[in-house]
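The structure appears below as structure tokens.
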Amino acid sequence: MSKLSWLCAGGFGVLCLGAALAAEAANGERAPIPDFNPDGLTAWAADRPASDDFLPHDKSAGPGPVESDPAHPYVPNGEGQQSTYRVADLTNPILKPWVVAQMKKTNDDVLAGKVPFIARERCWPGGVPAYDIYNRGQPVHIVQSKDQVVMINELFASTRRIYLNVPHSKNPKPSWYGESVGHYEGDTLVVDTVGFNDRTFVDNYRTPHTKELHVVERFRMIDGGKTLEVKIRVDDPGAFNMPWTARSTWRRVHPGMLIEDLCEPNNDFYFGYEVAPLPHDDTPDF
């Protein structure tokens, strides 16, 4: 019995679904599409130490995401020197005045020695497009079916559902990850997302947005399938002076089974961050 057959027979449907879809395409049952999990064991992880930032932006490409203040450069963990918290460059022309004022308060707190809010450290959803730079370690598993694509980040099982070849709802209910609809354009998965609440940030510099946020992502494998590139366009006339673009990349890994990784409140009780309350429910889901 092959490894794939063993996995499928053992009930690991999430892991073998990608290979099954590839087999359908080979048999002519559907138009070829990019297969983000061709062997049933593939996932995608951060490909560099500072992976919880968008890639450095080419200014010639037009407006880009908020980056580190040159006077206070961001140093992530694992760089062989003292790490720092982020201080945002508030001269970025995309930012509305109210956004600059809000972010300046956060910058001032960091420069005063306070610990800033970071969604993953407080067990909060990352939102979009921050989902593409949400964590630096655990991989993202991508499950493709005929009607939807499901992205599952092993960090707290943060999950996005992308519904294929359908229009947006007339009035989508605001949510953490918004309403995502997608389609394939050749070797690219194009994802259009609207319907956000305004409780997340678009990046790890704590750049806010409004419920008008509109994000388009284009997922494509490059480097012979070793890298998954995400090109992002962000538009929010309530928070930004103009649309802007960003880019992120993930590397192919083979972690095997998707593991359950729960968020534990160690940062609150052990480290004493006390930055923001941990999310909780007052009523059960059942």
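Rule-based calculations on the coordinates, nothing more; no lab input. The shown structure was predicted, so the numbers you read here are calculated from the model rather than taken from an experiment. Please note: Cβ atoms are built from the backbone with ideal geometry, for glycine as well, and neighbour counts cover all protein chains shown.
Listed values, structure above:
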| quantity | calculated |
| --- | --- |
| Neighbourhood charge, 13 Å Cβ-Cβ cut-off, centred on residue 236 and excluding it, Lys, Arg +1 and Asp, Glu -1 | -1 |
| Links that overshoot a 31 Å alpha carbon limit, given the list 59/105; 105/170; 59/146; 146/173 | 105/170; 59/146 |
| J(HN,Hα) series, segment 186-201, from Karplus relation 6.51 cos²θ - 1.76 cosθ + 1.60, nearest Hz, glycine and proline x | x, 8, 10, 8, 9, 10, 10, 10, 9, x, 8, 7, 10, 9, 10, 10 |
| Where labels lie 7 Å past Cα in the beta-carbon direction, separation of residue 222 and residue 198 in nm | 3.5 |
| Cα pair distances of segment 100-248 binned at 5 Å [whole percent] | 2, 9, 17, 22, 21, 15, 8, 4, 2, 1, 0 |
| Segments 238-249, 166-177 sorted - mean Cβ within 10 Å per residue, highest first | 238-249, 166-177 |
| Whole-Hz ³J(HN,Hα) from phi, Karplus 6.51 cos²θ - 1.76 cosθ + 1.60, for segment 234-250, glycine and proline x | 10, 9, 7, x, x, 10, 10, 6, 6, x, 9, 10, 8, 8, 9, 9, 10 |
| Distance in nm between pseudo-label sites at residue 169 and residue 251 (7 Å out along the Cβ direction from Cα) | 3.9 |
| Peptides 143-156, 32-45 ordered by average Cβ neighbours within 10 Å, highest first | 32-45, 143-156 |
| Environment charge of residue 150, counting only residues whose C-beta is closer than 9 Å and scoring Lys/Arg +1, Asp/Glu -1 | +2 |
